[in-house]
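Working notes, beginning with the structure itself.
Please treat every number below as a calculation from the coordinates, not as lab data. Predicted, not measured: the structure shown is a model, and the values here were computed from it. In this analysis, Cβ positions are derived from the backbone assuming ideal geometry, glycine residues included, and neighbour counts consider all displayed protein chains.
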Amino acid sequence: MLFTVNRDHDCPLTKSFNKLMKKYRLSDVPKRLSGSDDFSSSTDDSSSMENYQDGSSELLNPCENSCLDELRSYCAKDGIEMSEHRLFRFACFHNFDVEKAKDALDENRENAFMDLEMRSDMKGQFVTKLLFPLPGLTTKKHQSQVIYSNPSRCNKDDDMTKVLESLCYIMNDFSQTEQQCRDGIALVTNLEGFKKENFDQNEWHQFLLALQGTLVPTKVTKVLLVNAPSWFKQDVWKKMRSSMPSQFRRNVHIISSDELGDHLMEDYQAYLPTEIAHGYRIADEIIEDYVDLKSFQDAQKRKELIV
């Protein structure tokens, strides 16, 4: 697996990665996920919800409450330690299907990707500017928070490791409330300047699997591939489409930068980095602000756990 490059065999992230890949019988060879849409179960439900609170929310419908009650009982019976927040997150990702959520909870008892922190290694990953969040920016339809990536910067053996860890960290950060879990996330990928010799089919396969929830449970409502070069559309896109579950495939769009306004909120330009057309913000400033904030917040959480 590409993710295990330069990783010790007993590294928690490596162990979690291998366990999840084995669970879904996935290899480095792209293939359709057993004809299932389980990993791309995002819906059009963007109903208003309050910030997550421990315990049942008054805004949950009876079916959702029933699902969470069953999951609590299941965890208590099987000795699964899972916070109320994570119970809701797994239930929401699986559209409150009790059996699918139970399987996910059991499989993710010790998933290291759920507990990533903004430490020195993670900070270094964001500095590469391969992938980072765009705080404040949401999509027009689902109000999904947006992540930005620039694959033209991938040129090292361990870049996919960095991207996957960064992706999971942001997915976790953007899934802290009921509203966020329901609204999901979107990805804007800037393909301008991306060269064919830098394309690795296996790396893209792993990245797409992560977007479908194989590592952490976060719904992805939209993937925008912006300014794709002709070789990508002609030689790569057809193969990639055939390996995607149908519902996830419907959320992926190849567009020009001029079409971003059709998918993103009003005044989206103020949140995009200047390296993409119509963007106003400096990428380094976006990353510095985000890393500083998360470093402080994660440090505070560690102090609270010690106390």
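Per-residue 3J(HN,Hα) values for region 164-178, derived from phi via the Karplus relation 6.51 cos²θ - 1.76 cosθ + 1.60 with θ = phi - 60°, read 5, 5, 4, 4, 5, 4, 5, 4, 5, 5, 8, 10, 8, 10, 4 Hz in sequence order (x marks Gly and Pro). Here Asp97, Asp258, Asp183 are placed in order of increasing Cβ neighbour count within 10 Å, fewest first, which gives Asp258, Asp97, Asp183.
Sort Leu59, Leu224 so the one with the fewest other Cβ atoms within 10 Å of its own Cβ comes first. Don't jump to the answer; show the numbers that get you there.
Values: Leu59 12, Leu224 23.
The fewest-first ordering by Cβ neighbours comes to Leu59, Leu224.
Evaluating 6.51 cos²θ - 1.76 cosθ + 1.60 at θ = phi - 60° for every residue in region 182-198, the Karplus couplings come out as 6, 6, x, 10, 10, 10, 10, 10, 8, 9, 5, x, 6, 9, 4, 5, 8 Hz, glycine and proline recorded as x.
Remark on Ile185: its backbone amide H falls under 5 Å from those of Lys219, Val220, Thr221, a criterion applied only to residues 5 or more positions apart or on other chains, H modelled at 1.01 Å from N. How would region 115-297 be classified by its alpha-carbon gyration tensor: rounded, prolate or oblate, with rounded meaning a/c under 1.5 and the a/b versus b/c comparison settling the rest? Verdict is rounded for region 115-297.
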